[in-house]
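Below is one structure, written out as structure tokens; comments come after it.
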């Protein structure tokens, strides 16, 4: 692709923003590759849109009330507790 829509100067600008050092041959190669990528996007624009009907179904289960653990059972296997609560590592 000789007449790339992406200029090597633009590639250099993006590389500077990303703090990436690239040489002249890499600039030329990346400009060509970016141009090819943009061509692919133009191809995607020509694909016709397909209308689909939404087929939504409720996959959520109903909430069932059931017995839960009491506080002592919940803290039973905790590595560290304090005043009846789980104790985690300090956050700085």
Inset, instruction - Using only Cα atoms, tell me the angle between helix 24-45 and the longest principal axis of the chain; keep it within 0 to 90° and round to the nearest 10. - result: 70 degrees
Inset, instruction - Would you mind computing, in nm to one decimal, how far apart the modelled labels at residue 45 and residue 72 are, each placed 7 Å from Cα along Cα→Cβ? - result: 7.1 nm
Inset, instruction - Kindly express, to the nearest 10 degrees and within the range 0 to 90, the angle between helix 8-17's C-alpha long axis and the longest C-alpha principal axis of the chain. - result: 30 degrees
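Order these by the 10 Å Cβ neighbour count, fewest first: 12, 67, 24.
Least crowded to most crowded, the residues run 67, 24, 12.
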Legend entry - Relative contact order of the chain, defined on C-alpha pairs under 8 angstrom at six or more residues apart (%): 20 percent
Inset, instruction - Evaluate the Kirkwood expression for the hydrodynamic radius of the range 1-53, namely the inverse of the mean inverse distance over all pairs of different C-alpha atoms, and round to one decimal in Å. - result: 12.6 Å
Inset, instruction - Scan (1) 13.5, 38; (2) 12.7, 42; (3) 29.3, 74 for the value of Rg and Dmax of the Cα atoms in Å calculated from this model and give just the label. - result: (3)
Inset, instruction - Between the alpha-carbon centers of the range 68-92 and the range 20-60, tell me the distance in whole angstrom. - result: 49 Å
Legend entry - Computed FRET value (nearest 0.05) for residue 5 with residue 25, which takes r as the C-beta separation and R₀ as 22 Å: 0.65
Legend entry - Sum of -39500 (n - 2.57) over DSSP H runs of 4+, divided by residues of the chain (222 nm, nearest 500): -12500 deg cm²/dmol
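Every read-out reported here was derived from the displayed coordinates using simple, explicitly stated rules and does not represent laboratory data. Owing to the predicted nature of the structure, the values given are computational and were not obtained by experimental measurement. Because the Cβ atoms are built from the backbone with ideal geometry, glycine has one as well, and the counts that use them run over all protein chains shown.
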